[in-house]
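Derivation of every value follows stated rules applied to the coordinates shown; laboratory data play no part. As the structure is a prediction and not an experimental result, all values here were calculated from the model. As a convention, Cβ positions derive from the backbone with ideal geometry for all residues, glycine included, and neighbour counts pool all protein chains shown.
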Amino acid sequence: MKTTQNSIARFDARLPLEQKIFFEKAAEIGGYRSLTDFIMLTVQERAKEIVEENERILASEKDRKIFFDTLTNPPKPNKKLQSAAKDYLNLTT
């Protein structure tokens, strides 16, 4: 099935009447055009926060793995690093 950016999908939810009334009140107070707009925008915001947090955690875990792998299995110094170390030792001794 091919989807495009303009594809529309339906989402139905059943909820207690009290909760619907509460959400409608929040939508009205918040200045939203409709309950649907309120729910869609609020859920979109929260979903974005959740995904971004997850991506930050994954990136952080990836960085942590790279860092600790480098500490435990350091690469051999290349010629530039060896030369810099030699220059440093000559300056400090």
(request) Can you tell me which residue among Val43, Val51 is assigned to a helix (DSSP H, G or I), without any contact (Cβ under 8 Å) to a residue 40 or more places away in the chain and surrounded by fewer than 11 Cβ atoms within 10 Å (Cβ to Cβ)? (result) Val51
(request) Can you tell me which residue among Phe23, Phe68 is touching a helix residue (DSSP H, G or I) at 6+ places or on another chain (Cβ under 7 Å) and among the aromatic types (Phe, Trp, Tyr)? (result) Phe23
(message) Within the range 25-35, does at least one residue satisfy the condition of being part of a helix (DSSP H, G or I) and of a type in the set (Ser, Thr, Tyr)?
(response) no
(message) Looking at Leu91, Leu81, Leu71, Leu15 in this structure, which one is without any contact (Cβ under 8 Å) to a residue 24 or more places away in the chain, in a loop (DSSP other than H, G, I, E, B) and among the aliphatic types (A, V, I, L, M)?
(response) Leu15
